[in-house]
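Q: One structure, pasted below without further comment.
The values are calculated or read from the model by the stated rules, or taken from the named source; none is laboratory data. The shown structure was predicted, so the numbers you read here are calculated from the model rather than taken from an experiment. Note: ideal-geometry Cβ built from the backbone for every residue, glycine included; neighbour counts use all protein chains shown. Heads up: the accessible areas ignore ligands, DNA and RNA and are worked out on the full protein's heavy atoms, side chains in. Shrake-Rupley method; radii C 1.70, N 1.55, O 1.52, S 1.80 Å.
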Amino acid sequence: MEAPKILVVDDESRMRKLVRDFLEREGYAVLEAGDGMEAMDIFYEEKDIALIILDVMMPKMDGWQVCREIRSYSKVPIIMLTAKGNDMDKILGLEYGADDYITKPFNILEVKARIKAIMRRNTKKNRRESRAGSNVVTSGDLKLDRDSRRVFIGEKEINLTAKEFDLLELLACNPNKVYSREQLLTYVWGNKAMDSGDVR
């Protein structure tokens, strides 16, 4: 089984080495980035990152920007590293989609405990989604959840109107079937659409 990948993002090389050495002893594969832009490059290249440890204060692109950018594409767990006692950092981190935060200076055992807790929660969540996935339709990067009526392209959620969802659901559930315009109108808008010609 391949070791879970953790991306450690911090502009202090000494801090990265401390965390990396510890995590590698714990059996994780560690990727490093010294600033926010490098972190995004690695994030886009590596598709199977299990967790990100993300410092707030960094050059080029700070932790808030990185967190927001990642959250627009992925639900990968993110632990923010913040200055001790800076409650605003903690609040912003959670608002921007971080899963947890650790204040500097920190005990490396606390890092271990928080990583394990998040990994455990994520595993349980994935199992629940897997059990509920019998009503999920997938096609390539498209995932359509018929129960929650949500649509995703990769990790990015796509907002659809009710009618758009109904139409996509019909087509996704019947990939090899050809429909006429009239059949689609009847399915999505009902018989009155056929009478009025209303396709809005």
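Q: Is it fair to say residue 122 is of a type outside the set (Phe, Trp, Tyr), modelled with pLDDT under 80, surrounded by 15 or more Cβ atoms within 10 Å (Cβ to Cβ) and under 18 Å from residue 50 (Cβ atoms)?
A: yes
Q: Further, regarding this structure: Give the residue, chosen from 48, 41, 11, 55, that is open to solvent by 50 Å² or more (accessible area, probe 1.4 Å) and within 18 Å of residue 93 (Cβ to Cβ).
A: Residue meeting the stated conditions: 11.
Q: Another one. Among residues belonging to the stretch 20-29 that are outside any helix (DSSP H, G or I) and touching a Lys or Arg at 6+ places or on another chain (Cβ under 8 Å), point out the one that is surrounded by the most Cβ atoms within 10 Å (Cβ to Cβ).
A: For the stretch 20-29, the residue satisfying everything is 28.
Q: Further question on the same structure: Starting from the stretch 23-48, take each residue that is on the phi < 0 side of the Ramachandran plot and list its partners that are open to solvent by 30 Å² or more (accessible area, probe 1.4 Å) and of a type in the set (Phe, Trp, Tyr), counting only C-beta distances under 9 angstrom and pairs at least six apart or across chains.
A: Listed pairs, sorted by first residue: 43/73; 44/73.
Q: So which of 60, 104, 17, 75 ends up being charged (D, E, K, R), over 25 Å from residue 2 (Cβ atoms) and open to solvent by 70 Å² or more (accessible area, probe 1.4 Å)?
A: None of the other options fit; the residue is 60.
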